[in-house]
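Right, one structure below, let's go through it.
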Amino acid sequence: MITNSASGTRVDEVAPAVYRISTPVTILPGGFSFNQYLLVDEAPLLFHTGPRRMFPLVREAIAAVMPVERLRYVAFSHVEADECGSLNELLAAAPQAEPLCGNLAAMVSMNDLADRPPRGLADGESLSLGRTRVRWLDAPHLPHGWECGYLFEETAGTLFCGDLFTQPGAEHAPVTTGDILGPSEAMRSAMDYYAHAKDTRRLVEKLAATKPKTLACMHGSAWTGDGGGLLLELADALSPAALD
């Protein structure tokens, strides 16, 4: 559903109890999109907050699905404006909510930046939300940020994969089975946002081993299919030989 006709913000269920909140923006030629993902359970979780100035749109979209005050966790991959820019506004709107991130992000940033103490997760640590569980996966410098990591929802197999498949453009289907690697590689060719650290392939393979059925991308469409296979294709594209 469209939750704000002026901004074009919309909400769509892209996996069981996983809602994609997406807002088109014009910060790049051809447009771009910012997505957040709301996982509705006994302890609801939001992955990505959106930039601080986008908070009213995100709050409005959450409220179309459930009361904002019910939020229990506000999670993100790494410290960046579109990842956690409106974290404190969400904490103020949801009195029981905690910031949720990797231990490194909690230690070096969120203990100071967040208005409420963060819940840090170790690599491989799981957290029950009720009928679902999420598992934190450390992924330093993938694609950037030494504190970077991802959440994998173990019940239905959704990987909240952040910037890994960043697709250009403002208008996207909420979820697709089509090609997202090609567009994301075109985006990387134009504006390479990968650190290309020495452990890149090992970390992508670690994510692929979860065998996700849905990839919840931060920019562009979510994707459904053989997520493990697509991640291995990404690893091949990022290999030194492919980059030469």
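The values are calculated or read from the model by the stated rules, or taken from the named source; none is laboratory data. Predicted, not measured: the structure shown is a model, and the values here were computed from it. FYI the Cβ positions are ideal-geometry reconstructions off the backbone, even for glycines, and counts take in every protein chain you see. Surface areas here come from the heavy atoms of the whole protein model, side chains and all, with no ligands, DNA or RNA. Shrake-Rupley method; radii C 1.70, N 1.55, O 1.52, S 1.80 Å.
When restricted to Cα atoms, the range 71-200 yields an Rg and a Dmax of 15.5, 42 Å, respectively. Comparing Asp123, Asp82, Asp138 in a Gaussian network model of the chain where C-alpha atoms under 10 Å apart are linked, the largest mean-square fluctuation is found at Asp123. Calculated accessible area for the chain comes out at 40 Å² per residue, all protein chains present (probe 1.4 Å; ligands, DNA, RNA ignored). For the chain, leaving out every one of the GluC sites (Glu not before Pro) that falls in a DSSP loop and has at most 13 other Cβ atoms within 10 Å, the longest unbroken run is 43-170.
The mean sequence distance of close C-alpha pairs (under 8 Å, at least 6 residues apart), as a share of the length of the range 55-189, puts its relative contact order at 16 percent.
Work out which trypsin sites (Lys or Arg not before Pro) in the chain are exposed loop sites (DSSP not H, G, I, E or B, at most 14 other Cβ within 10 Å) and give the longest gap free of them. Walk me through the numbers before you get to the answer.
Working: sites that count: Arg131, Lys198.
Counting at most 14 other Cβ atoms within 10 Å as exposed, the longest clean stretch of the chain is 1-130.
Taking every DSSP helix (H) stretch of at least 4 residues in the chain, weighting each as -39,500 (n - 2.57) and dividing the sum by the residue count yields a mean residue ellipticity at 222 nm of -6000 deg cm²/dmol.
For the range 101-244, the residue among His196, Thr155, Ala139 whose Cα projects farthest onto the positive side of the dipole built from Cβ charges is Thr155.
Could you look at the chain and say what percent of its accessible area is carbon and sulfur, using a 1.4 Å probe and all protein chains?
Working: 5270 of 9830 Å².
Accessible surface attributable to carbon and sulfur in the chain totals 54 percent.
Bridging of Lys198 to lysines at a Cα separation below 24 Å is possible for Lys206, Lys211, once same-chain residues fewer than 8 apart are set aside.
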